[in-house]
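The values are calculated or read from the model by the stated rules, or taken from the named source; none is laboratory data. Please read these numbers as outputs of a predicted model, since none were measured by experiment. Every residue, glycine among them, receives a Cβ derived from its backbone with ideal geometry; neighbour counts consider all protein chains shown.
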Amino acid sequence: MTESNTNVSLKPEPRPEVPDLTMPFWDAAKRHELVVPRCTPCNAFFWYPREACPTCLRSDSWDWAKVSGNARLHTFTIVRQPLHPGFQEEVPYAFAVVQLDEGIRMMSNIVDCDVMEDIEIDMKLEVKFDDISDDWTLVKFKPA
């Protein structure tokens, strides 16, 4: 008889709170493209996706625009004790706020480097897509 392991903690997949609003972002990530909302009247990029542009407050005139994926590290913290047990094997990891060349800031992870030694504020970054399943691709950043 085989004993099953009931303590296995799988990583949680993204669960958008407003799927109709954010699915274009997730669909683009699956294609390995980074898109963000851009207001048509004032041409401002913004993040996070929301009903109205935070610059001019128009709600009926924004679309999704492809951006470069180039960024700089604004701030970060090193996670040594994960909130969810599914991430235990990945600690330590860097949870960061990056500023895209287009001016907006977004939260992500810094990957493909020694997070304890190589990460510095204002370092140049580029987008990296992490295909975690057939349904979901995460947007992360690595040193440029």
Seminar exercise, completed: Result of the Cβ filter at 7 Å on region 113-133, keeping first residues that are within 14 Å of PHE95 (Cα to Cα) and partners that are of a type in the set (Ser, Thr, Tyr), at least 6 apart or interchain, is VAL115/TYR93; ILE121/THR75
Exercise. Going by the structure shown, is VAL97 in contact with a Lys or Arg (Cβ under 7 Å, 6 or more places away or on another chain) and aliphatic (A, V, I, L, M)?
Worked result: yes
Problem set entry | region 106-128: number of residues that are part of a strand (DSSP E or B) and either in contact with a Gly (Cβ under 8 Å, 6 or more places away or on another chain) or surrounded by fewer than 16 Cβ atoms within 10 Å (Cβ to Cβ) (or both) | 4
For this session: For PRO12, work out the one condition from (1) at pLDDT 85 or above; (2) exposed (fewer than 14 other Cβ atoms within 10 Å of the Cβ); (3) under 20 Å from the mean Cα position of the chain (by Cα) it doesn't fulfil.
Result: (1)
Exercise. Looking only at region 129-144, which residues are among the aromatic types (Phe, Trp, Tyr) and assigned to a loop (DSSP other than H, G, I, E, B)?
Worked result: TRP136
Exercise. If you go through region 95-102 one residue at a time, do you hit one that is among the acidic types (Asp, Glu), part of a strand (DSSP E or B) and surrounded by fewer than 17 Cβ atoms within 10 Å (Cβ to Cβ)?
Worked result: no
